[in-house]
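**Q** Quick one: the structure is below, and I'll ask about it shortly.
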Amino acid sequence: MSDAICPKCHEKIEPFAMSLAFFPFYFKCNHCSVRLKLKSLKLLSSVLITYLLVVVMMIWLLPAFRGYAVLTSVFVWLVLYNFIAHKMLSKDNLLVVE
């Protein structure tokens, strides 16, 4: 299952709590409202850059994809984000900011 657990209250952190934060690397736990910080953004940045390159290439090379580019791109990003968020929110990558 998921390692996305708050280091302070030991409750499960929802992946989209981080995405709805003003800064995605500083966010609050939904249960205890403690500020959390991600130690490393390597996974997010590498997946995001690769994803953007693939989408740009698909729009450029596949004319049939252009009509559905926005809808498909947003849907695929949400699925990708859901998968990588659990790795990013592992207990080794979370830091309590006080």
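The values are calculated or read from the model by the stated rules, or taken from the named source; none is laboratory data. Just so it is clear, the structure is predicted and the values come from calculations on it, not from any experiment. Because the Cβ atoms are built from the backbone with ideal geometry, glycine has one as well, and the counts that use them run over all protein chains shown. Areas reflect the complete protein model, heavy atoms only, side chains present, ligands, DNA and RNA absent. Shrake-Rupley method; radii C 1.70, N 1.55, O 1.52, S 1.80 Å.
**Q** Shape of region 47-89 from its Cα gyration tensor (a ≥ b ≥ c, root eigenvalues): rounded if a/c is under 1.5, otherwise prolate when a/b > b/c, or oblate?
**A** On the way: a/c = 4.82, a/b = 2.06, b/c = 2.34.
Judged from the Cα gyration tensor, region 47-89 comes out oblate (a/c at least 1.5, b/c at or above a/b).
**Q** So how do Tyr81, Tyr68 rank on accessible area, 1.4 Å probe, biggest first, that is with the largest at the start? List each step's numbers first, then the result.
**A** Numbers: Tyr81 15, Tyr68 150 Å².
Accessible-area ranking of Tyr81, Tyr68, largest first: Tyr68, Tyr81.
**Q** Let me ask another. Please return the longest range in the chain lying between exposed loop sites, taking trypsin sites (Lys or Arg not before Pro), DSSP loop only, at most 14 other beta-carbon atoms within 10 Å, and leaving the sites out. Let's see the in-between values first.
**A** Values: sites that count: Lys39, Lys91.
Here the longest segment lacking exposed loop sites spans 40-90.
**Q** Still on this structure, I have one more. Using a Cα distance threshold of under 17 Å, what count of lysine pairs results for region 9-98 when pairs must be 8 or more residues apart or interchain?
**A** Value for region 9-98: 13.
**Q** Could I ask something else about it? Taking a ≥ b ≥ c as the square roots of the eigenvalues of the Cα gyration tensor of the chain, is the shape rounded (a/c under 1.5), prolate (a/b larger than b/c) or oblate? Please list the in-between numbers first.
**A** Values: a/c = 2.93, a/b = 2.57, b/c = 1.14.
Verdict is prolate for the chain.
**Q** Here's a follow-up. Taking the chain as a Gaussian network, Cα atoms linked when under 10 Å apart, which of Phe65, Phe27, Phe16 shows the biggest mean-square fluctuation?
**A** Phe65
**Q** Need the full-extension length gain, Ala69 to Val34, defined as separation in residues times 0.36 nm minus the C-alpha distance. One decimal, nm.
**A** Values: separation 35, 0.36 × 35 = 12.60 nm, distance 3.80 nm.
The Ala69-Val34 span can extend by a further 8.8 nm.
**Q** Leaving ligands and nucleic acids out of the surface, order Leu53, Leu43 by accessible area at 1.4 Å, largest first. Don't skip to the answer; put the middle values down first.
**A** Values: Leu53 110, Leu43 70 Å².
The residues order as Leu53, Leu43, largest area first.
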